[in-house]
Structure formats: structure tokens, C-alpha cells
């Protein structure tokens, strides 16, 4: 019995060593990314005429680099939100305008990226354009950055209006001189949008949709966007003229983390 037990133990030890070597030499399996639910769609598949300038896929944003989770520059939304945007676009096209989206569904990993950036008080590379008058220590307290975003639920988007025919917007070149987002339109970074009084993602009270200091054509442009969208079920965030949520939301309490990519929309069951 002793000899047999020793032989068995030796065989087990040899097999364990062989399995360990095999496991170590096997190629690491690629991480399986989560998929979007079936009722999420690419906005382009619902309305290809809406302009898409997906800022967080580019370095032209308040962080200054592409944001985690934005693998491709596409707008993804829940189908009800996308279809309501299509209706808004139809109304604006009749008046010689088009919608342009800056951001749509935003994965939780992107929100986490924003939080890490906000906690790094030494990184103020984009302050000159996006938050000239706001101390970075106040970004959480003042509500500019939060650990959760309605964008991650899939029915919130950031958008503006462009007069037709739409002129192209030149690309941002990292390191170029920055101009405050509330400077006159012909001085701040060029955007083919109508003049809304500030640029997109401007961390300033002037970006409040109904700020009384914003008058004339700038106010009229904000109200055109607001009235068009609110008549179709969208609700504006009062602190950001560009931020709208379609209601009722299909996922009012779910914060998704699938990447912004075509792959997230394929092969779903």
C-alpha cells in the first residue's frame, strides 16, 4: 500500500506541475466587454442627418484627452430617445437648422475618468477654456462633476443647433492657446453651432439655460432648442443649456458600462 500511495502521490504531483505549466503558457483570454441592451441603438441608424461631434472621443474636452470607454465616435441612445430626437430634427430641418450631438450614452468608466481627473488638482491643462473662473477644488461641490451621470442610463444627450448649410468645424490641436468658453463667439474655439452664449461644457453660470445675462439672439437660440425638445418629451438641466433627458426613461435606475462602440450593439441576445 505504501508503494502504491507513493506512486499515486507522485503521479498527482506530476500532473499538477504539467497543468500549471500549461496554464502559464496559454494565451490570456481577452476580456469580454458588456453589451448594450437590445433597445439601445446607434443614433445614425434612426436619423443619419443629425451631426455627430463626439467630444469625449477627442482631446478637445475639459480633461484634455480621449475619455475612457469611447472606442468610436458614435452616438448611442435608447431607441425612444433616438426616435424623439428624429422628430425634433424633422421640425428643425423645416426651419433651416440641424441638430448636432456632442455626447449621448456615457459609460460609467468614463464618469470614473472624470472623477479621477477632478481629484487631481495639479492637472489644469484645459482650465483656460472650460473652467476659467472655477477653482478646481469646487468641481464636486458646485455640481460640475459627480460620481454618477444620467448619461449612463442611455436617454440623456448633450446637443446644440447648427444653421444649414453646416460648415465644417476644424479639429482641435492639443497645446494650442485656449480661449474662455464664454468669450464672444468669434474669439472662442470655432464651432459651427449657432451662438448659444457659451461653448459646450462651459463650467460657468453663464451656461445656465435661462441666465438673465444671456439675451438677444443667444437667448433666442437657446429657447429654440429648448422649445423644440421639450415639446417632444425632453427635460432640460437648468444649469446646462446643452443637456437634455428624454422621459420617461426606459432605465431610470440603471447605470451601464458597455463601451461606446459598434461592437457593443452587435451580437446581442
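Name the single residue, out of those in region 225-241 being part of a helix (DSSP H, G or I) and in contact with a helix residue (DSSP H, G or I) (Cβ under 8 Å, 6 or more places away or on another chain), that is farthest from residue 84 (Cα to Cα). Among residues in region 225-241 that are part of a helix (DSSP H, G or I) and in contact with a helix residue (DSSP H, G or I) (Cβ under 8 Å, 6 or more places away or on another chain), the one farthest from residue 84 (Cα to Cα) is 228.
Quick check on this structure: which one of 169, 78 is touching a residue at least 24 places away in the same chain (Cβ under 8 Å) and either over 30 Å from residue 263 (Cβ atoms) or surrounded by 19 or more Cβ atoms within 10 Å (Cβ to Cβ) (or both)? Step by step, each of 169, 78 is checked, and only 78 is touching a residue at least 24 places away in the same chain (Cβ under 8 Å) and either over 30 Å from residue 263 (Cβ atoms) or surrounded by 19 or more Cβ atoms within 10 Å (Cβ to Cβ) (or both).
Exactly one residue out of 210, 206 is in a helix (DSSP H, G or I), more than 19 Å from residue 164 (Cα to Cα) and modelled with pLDDT of 95 or more, and it is 206. Residues that are crowded, with 20+ Cβ neighbours inside 10 Å and in contact with a strand residue (DSSP E or B) (Cβ under 9 Å, 6 or more places away or on another chain) were ranked within region 192-221; the one that is nearest to residue 63 (Cα to Cα) is 201.
Flag not set for residue 31, criterion: farther than 30 Å from residue 178 by Cβ and at pLDDT 95 or above.
Residues that are over 26 Å from residue 132 (Cβ atoms) and either surrounded by 17 or more Cβ atoms within 10 Å (Cβ to Cβ) or touching a residue at least 24 places away in the same chain (Cβ under 8 Å) (or both) are absent from region 174-189. Checked against the criterion of being over 29 Å from residue 229 (Cα atoms), surrounded by 17 or more Cβ atoms within 10 Å (Cβ to Cβ) and modelled with pLDDT of 95 or more, the candidates 64, 69 yield just one match: 64. For residue 157, are the conditions met, namely being in contact with a strand residue (DSSP E or B) (Cβ under 9 Å, 6 or more places away or on another chain), part of a loop (DSSP other than H, G, I, E, B) and surrounded by 21 or more Cβ atoms within 10 Å (Cβ to Cβ)? In short, no.
The values are calculated or read from the model by the stated rules, or taken from the named source; none is laboratory data. Just so it is clear, the model here is predicted, and its values are computed rather than measured. Positions of Cβ are backbone-derived with ideal geometry, glycine not excepted, and every protein chain shown enters the neighbour counts.
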